[in-house]
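The values are calculated or read from the model by the stated rules, or taken from the named source; none is laboratory data. In this text the structure is predicted, and so the values were computed from the model without any measurement. Note that each Cβ is placed from the backbone with ideal geometry, even for glycine, and that neighbours are counted across all protein chains shown.
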Amino acid sequence: MANSRSFTATATATTAVPAARGRLRAVAPDEVVQISDFLPPGATWLPAPQHTLPSLPGQPPMVGYLVLVPAGQEPVAAQPVVPEPRTAQDGPVRIDTVQRAAEVDGRALDLTYLEFELLAHLVAHPHRVHTRDQLVTTVWGYGHVGDGRTVDVHIARLRRKLGADHRRTIQTVRRVGYKYAPPAAN
C-alpha cells in the first residue's frame, strides 16, 4: 500500500515502548513523533480517513492512524489504570465518580447520565465559570448537535433535584454560563 508504513520486529526492537502510556496524547504543532515507538513488532500503520475523525469547529483537522497487528499476535498492553475513588468534598454536594453516585447533605440524588456528568464537572471545578459552549463540548462531547438551551434545561433539572436549600450552589453568570459555588464554611 502506497501510504502505509511497515516496521519489522528488528526496527521496533531498538526503540523502547513505554510501559504505561495513554492511548491519546496532545502533540505540539512543531513536535515530531516517532510512531514506531508506539507500535508492537510487525505492526503496520496507515493514516485514518478524515471522515472517521472528530472535528471541532474553528480548530484544525485532527490526524489519526489505523494500526494493523498480525493475526494471533497480542498487542503490547499498557498497564490497566485503576481509577481511584474521586470524591468532591467541597460543600454539601458530594460526587463519587467511580461509583457514579451523587448526594447532597447525605441524600442520594437520582440523576440521569448527562445530569451526573454535568454536576460532576461543575463540582470538580468550583467557582470556575463555564460557558454553555464549553459545557456542551465537555459534557455532551464533540458530536453533539445542540445549543446552549440544552445546557439551560439540564441546569434547571439539576437545581430542582438539588432541592430548595441547595439550588443556589449552581449559579448563573449572566450572558456567560454557569458555575458551582459551594456555601462558605462557617
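So which residues in region 165-186 are at pLDDT below 90 and exposed (fewer than 11 other Cβ atoms within 10 Å of the Cβ)?
Result: ARG175, ALA184, ALA185, ASN186.
Of the residues PRO57, PRO29, PRO85, PRO18, only one is part of a loop (DSSP other than H, G, I, E, B) and at pLDDT 75 or above; which?
Result of the check over PRO57, PRO29, PRO85, PRO18: PRO57.
Scan ASP110, ASP90, ASP133 and give me the residue that is in a loop (DSSP other than H, G, I, E, B) and either at pLDDT 90 or above or closer than 29 Å to PRO57 by Cβ (or both).
Testing whether each residue is in a loop (DSSP other than H, G, I, E, B) and either at pLDDT 90 or above or closer than 29 Å to PRO57 by Cβ (or both) leaves just ASP110.
State whether the residues of region 142-162 include one that is at pLDDT 90 or above, part of a loop (DSSP other than H, G, I, E, B) and more than 30 Å from LEU39 (Cβ to Cβ).
No; the residues of region 142-162 include none that is at pLDDT 90 or above, part of a loop (DSSP other than H, G, I, E, B) and more than 30 Å from LEU39 (Cβ to Cβ).
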